[in-house]
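Everything on this sheet refers to the single structure shown next.
The values are calculated or read from the model by the stated rules, or taken from the named source; none is laboratory data. Here the structure is a predicted model, which is why all the values come from computation and not from measurement. Because the Cβ atoms are built from the backbone with ideal geometry, glycine has one as well, and the counts that use them run over all protein chains shown.
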Amino acid sequence: MLNTVYRLTAPRRFEVQFNDIDLFGEQIVVRPTYLSICNADQRYYQGKRAPEVLKKKLPMALIHEGIGEVVYDPKGEFKPGDNVVMIPNTPVEKDDMIAENYLRSSKFRGSGFDGFMQDNVALDRDRVLLLPEGINQKVAAFTEIISVSVHALRRFDEIAHKRRNRIGIWGDGNLGYITSLLCKSMFPDTEIFVFGVHEEKLEDFSFVDGTCLVDKIPEDFSMDHAIECVGGEGSQSAIQQIIDYINPEGTISILGVSEYPVPVETRMILEKGLRMFGSSRSGRADFEKTIDIYKKNPEVVEYLSNIVGAVVKVRTVKDMTKAFEMDIHKSYGKTIMKWEK
Amino acid sequence: MIFGVILAGGIGSRMGNVEKPKQYLNLGGKPVIVHTVEKFFVNDAFDKIIILCPDSWVNHTKNLMKKYLHGDEKIVVIEGGSTRNETIMNSIQYIDENFGVDDDTIIVTHDAVRPFVTHRILNENIAAAKEYGACDTVVSAADTIVQRTEEGTMIADIPDRSRMCQGQTPQSFKAAKIRDLYNSLTAEEKETLPDACRICVLKGEPVYLVEGEVFNMKITYPYDLQVAETLVKGEY
């Protein structure tokens, strides 16, 4: 079936292109309904990736956070209209030791190949998961980033020592909000403290045990473990503060993406015997766990709905540009495209 | 019930046209008509897809559906009529004989040679036909439209471009309504019909406009097929 793909061909330019979907192959055809814009999409859209990266990857359809409805399943396991989340990580091999999202051979939507900005998306059977009935669609749209937090927290649970009286989370943006919310949900007996630079944003973190501006942290503050959700230019100072305040043998989970290498005070990492680990993306198991949380903790979905920002109806290529431009100028929250292509 | 009605030409060799109809030419490795039918096939809203083609092409079209769409029962191939509107009437007659036609029977009529139609256009057609009884798919005219004098060498008028649109398909209707309107036309009126929406316009019935897509192009000339092939291959 001829399928329309809306690819970024150059910074700030989307163009209509086509591919052919084999209706009788192994893949399930899903029609996107709600798509969510991520910072990684913005880096392509604004041309903030290195020129050689842009040259290699474009043209490419953006977006790796999204849900849709099943249009056609050649095996009939999914019914037309089923509300599903699409998993962007696409492994091509199995490894008993290494998670699918860390296999160097895995492909990722909107990074290594076409993302979800298409009329229809053909996905491998294990890349589609049914969403709970009645779920808030705008929240479900960014299930992917939620599953990234879930993934990092699951790894944290495996790696960090068991004294978890207090965890500090750095970052008051979307990732900080989602991670601290999920952290409280997964570790309800642990005190969660969030550190940021925007007082009004920190006020929205009412579900944690405390918040604090990064320049007003009490000297005697300490925590057992920490999670960094800052990224970018703020990475260095955030990691430095974490090293300063964390207790010996604590674990630091790094989630913020930085385009450039970040200097780290390794002396104190050595002296305190700290563990530092990175997490990126997520796999099917993390999506399953996230959906499980949606079902068991509906209040989590309610809190997540507070970071739904602009919802832009997309019927034309012009609307796509409008959504991305609005997202650039947003002060807070996730920009959602209601996909009506 | 909702029916996809694929108009695959009512003329062909009977009109002395020895060229292979464009809907049977290959586009990206598959006949154009297969691409078009696939769009209807995956849309769950359609209860049945009726393909109407010249009698001499019925078996070939059936074979294509068998080969590319596994002979799915959702698709039927029948003979078209002598004109576009007679072909549409044939589809309604088929529906009446097999399923019955009532007020909720919707037909979404579409050119077999427009394989780039989108899911949105189809769904908006269905919704508009349900609500308004008839709809046409159009895009705003990109070029200025010039109306010529009767003898054809001079400008008679240049209509306001902001109100001009180019007609595409699908055109969708409540089947009973379009049949009754068509049957109420005189033979002379029937001859002046370029398409089915004109039936409604002649009778003063409202026709809702669904926004099409520039790329929902009609493959009429060899040039169009080249453009379509280029679009599919992404070599531009």
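Given the structure, is residue B:76 away from every other protein chain (no Cβ under 12 Å), without any contact (Cβ under 8 Å) to a residue 24 or more places away in the chain and either surrounded by 13 or more Cβ atoms within 10 Å (Cβ to Cβ) or at positive phi (or both)? Spelling it out, it is not the case that residue B:76 is away from every other protein chain (no Cβ under 12 Å), without any contact (Cβ under 8 Å) to a residue 24 or more places away in the chain and either surrounded by 13 or more Cβ atoms within 10 Å (Cβ to Cβ) or at positive phi (or both). Within the range A:50-63, being surrounded by fewer than 24 Cβ atoms within 10 Å (Cβ to Cβ) and in contact (Cβ under 8 Å) with a residue 12 or more places away in the chain holds for A:54, A:57, A:58, A:59, A:60, A:61. Looking only at residues in the range A:322-341 that are aliphatic (A, V, I, L, M) and closer than 16 Å to residue A:118 by Cβ, the one that is surrounded by the fewest Cβ atoms within 10 Å (Cβ to Cβ) is A:323.
For the range B:165-195, filtered to residues that are surrounded by 11 or more Cβ atoms within 10 Å (Cβ to Cβ) and more than 20 Å from the chain's Cα centre (by Cα), the residue that is farthest from residue B:84 (Cα to Cα) is B:184.
When the range B:141-162 is filtered for residues that are part of a loop (DSSP other than H, G, I, E, B) and either touching a residue at least 24 places away in the same chain (Cβ under 8 Å) or not hydroxyl-bearing (Ser, Thr, Tyr) (or both), the ones remaining, listed by number, are B:141, B:142, B:143, B:145, B:146, B:150, B:151, B:152, B:154, B:158, B:159, B:160. Among what's in the range B:54-73 and is surrounded by fewer than 17 Cβ atoms within 10 Å (Cβ to Cβ) and at pLDDT below 95, pick the residue that is nearest to the other protein chains (Cβ to nearest Cβ). This residue is B:70. Out of A:89, A:136, A:101, one residue alone is under 18 Å from residue A:300 (Cβ atoms) and outside the structural domain of residue A:241 (by TED's automatic domain parsing). It is A:136. Residues that are away from chain B (no Cβ under 14 Å), in contact with a Gly (Cβ under 6 Å, 6 or more places away or on another chain), modelled with pLDDT of 95 or more and surrounded by 21 or more Cβ atoms within 10 Å (Cβ to Cβ) occur at least once in the range A:17-37. When residue A:174 is tested against (1) assigned by TED's automatic domain parsing to the domain that holds residue A:93; (2) modelled with pLDDT under 95; (3) buried (at least 17 other Cβ atoms within 10 Å of the Cβ); (4) not basic (Lys, Arg), just one condition goes unmet, and that condition is (1). No other residue among A:200, A:228 is among the charged types (D, E, K, R), modelled with pLDDT under 95 and more than 22 Å from residue A:297 (Cβ to Cβ) apart from A:200.
The single condition from (1) part of a helix (DSSP H, G or I); (2) among the small types (Gly, Ala, Ser); (3) free of Cβ contacts under 8 Å to residues at least 40 places away in the same chain that residue A:47 fails is (1).
Residue-wise test of (1) more than 14 Å from chain B (Cβ to nearest Cβ); (2) surrounded by 14 or more Cβ atoms within 10 Å (Cβ to Cβ).
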position	(1), (2)
A:271	yes, no
A:274	yes, yes
A:279	yes, yes
A:282	yes, yes
A:300	yes, yes
A:304	yes, yes
A:309	yes, yes
A:315	no, yes
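Restricting the range A:70-98 to residues that are closer than 23 Å to residue B:43 by Cα and surrounded by fewer than 17 Cβ atoms within 10 Å (Cβ to Cβ) leaves a set whose member that is nearest to the other protein chains (Cβ to nearest Cβ) is A:80. Taking first residues from the range A:251-274 that are in contact (Cβ under 8 Å) with a residue 60 or more places away in the chain and partners that are polar (S, T, N, Q) and surrounded by fewer than 18 Cβ atoms within 10 Å (Cβ to Cβ), the Cβ contacts under 9 Å between residues at least 6 apart in sequence or on separate chains come to A:255/A:280; A:257/A:39; A:257/A:280. Candidates are the residues of the range B:127-150 that are under 14 Å from the mean Cα position of the chain (by Cα) and of a type in the set (A, V, I, L, M); the one that is surrounded by the fewest Cβ atoms within 10 Å (Cβ to Cβ) is B:138. Filtering the range A:50-59 to residues that are aliphatic (A, V, I, L, M) and either within 12 Å of another protein chain (Cβ to nearest Cβ) or in a loop (DSSP other than H, G, I, E, B) (or both) leaves A:50, A:58. When residues in the range B:196-218 are screened for being surrounded by 18 or more Cβ atoms within 10 Å (Cβ to Cβ), out of contact with any Phe, Trp or Tyr (no Cβ under 9 Å at 6 or more places or on another chain) and within 12 Å of chain A (Cβ to nearest Cβ), 2 of them pass.
Looking at A:138, A:216, just one residue is among the basic types (Lys, Arg), within 22 Å of the chain's Cα centre (by Cα) and farther than 21 Å from residue A:284 by Cβ, and that residue is A:138. Residues of the range A:85-101 that are touching a Gly at 6+ places or on another chain (Cβ under 6 Å), of a type in the set (A, V, I, L, M, F, W, C) and outside any loop (DSSP other than H, G, I, E, B): A:86 alone. Being over 24 Å from residue B:1 (Cβ atoms), among the hydroxyl-bearing types (Ser, Thr, Tyr) and modelled with pLDDT under 90 is a property that residue B:192 has. Against the test of being among the β-branched types (Val, Ile, Thr), within 14 Å of another protein chain (Cβ to nearest Cβ) and surrounded by fewer than 17 Cβ atoms within 10 Å (Cβ to Cβ), the options A:9, A:4 yield a single qualifying residue, A:9. Going by what's in this entry, would residue B:90 be described as surrounded by fewer than 21 Cβ atoms within 10 Å (Cβ to Cβ), among the polar types (S, T, N, Q) and either away from every other protein chain (no Cβ under 12 Å) or touching a residue at least 60 places away in the same chain (Cβ under 8 Å) (or both)? Judged against the criteria, residue B:90 is a match. Within the range B:43-53, track down each residue that is crowded, with 20+ Cβ neighbours inside 10 Å and either away from every other protein chain (no Cβ under 14 Å) or free of Cβ contacts under 8 Å to residues at least 24 places away in the same chain (or both). B:50, B:51, B:52, B:53, listed by residue number.
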